[in-house]
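Take a look at the structure below.
Coordinate-derived values only; no laboratory data. For clarity, every value in this text was computed on a predicted model and none was experimentally measured. Cβ sites come from the backbone with ideal geometry, for glycine too, and all protein chains shown count toward neighbours.
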């Protein structure tokens, strides 16, 4: 299991960890993989540094331009955390779904869009689209800010009190 990074405070924080992974010179991790492995690390989940489940989510799922990979990668990590901390599967699903829905709304307010293509302005699947996107450097700024936003918002759930508060807020909502 990877060493647990804190959401904030002692040691390296989650946003700094995300920057380190995302901006690595080899650029091995896209937005979805970065959010996924950083949050798994922060949450103390098993196989924290295994990005495999998130590799096809970058660029809005297979470069399709759909939902931002930072959100989809984070959704998987939050789902894993909910399953680990809540015994009832249906309740875990509801909590994870509501936490991600809340993050999605905040993301839309902050970035004015949630779909990759709208956020970056490139069709990654078009011939030369991904190369043009990488060459533009947009991933170093805009995409990094989006990864930082999502990780920064959800890393707090590593703290037991913050988790309990978030679960309580979901449970106080009327059922689906």
- Item | Extension gain, residue 113 back to residue 24 (0.36 nm per residue minus Cα-Cα distance, nm) | 29.4 nm
- Item | Most mobile listed residue (53, 127, 28) in the chain, GNM with C-alpha springs under 10 Å | 127
- Item | Relative packing of 136-142, 67-73, which averages over residues the other C-beta atoms within 10 Å, highest first | 67-73, 136-142
- Message: Relative contact order of the chain, please, whole-number percent, based on alpha carbon pairs below 8 angstrom and at least 6 residues apart.
- Response: 25 percent
- Arranged by the count of other C-beta atoms within 10 angstrom, fewest first, what order do 156, 125 take? 125, 156
- Query: What span do the alpha-carbon atoms of the chain cover on each of the three principal axes, reported in whole Å from largest to smallest?
  - Reply: 47, 36, 26
- Per-residue Cβ neighbour rank within 10 angstrom, fewest leading, 133, 36: 133, 36
- Message: With 10 angstrom as the radius, rank 114, 38 by how many other C-beta atoms surround their C-beta, starting from the fewest.
- Response: 114, 38
- Using only helices, what value at 222 nm comes out for the chain when you add -39,500 (n - 2.57) per DSSP H run of length 4 or more and divide by the total residues, to the nearest 500 deg cm²/dmol? -17500 deg cm²/dmol
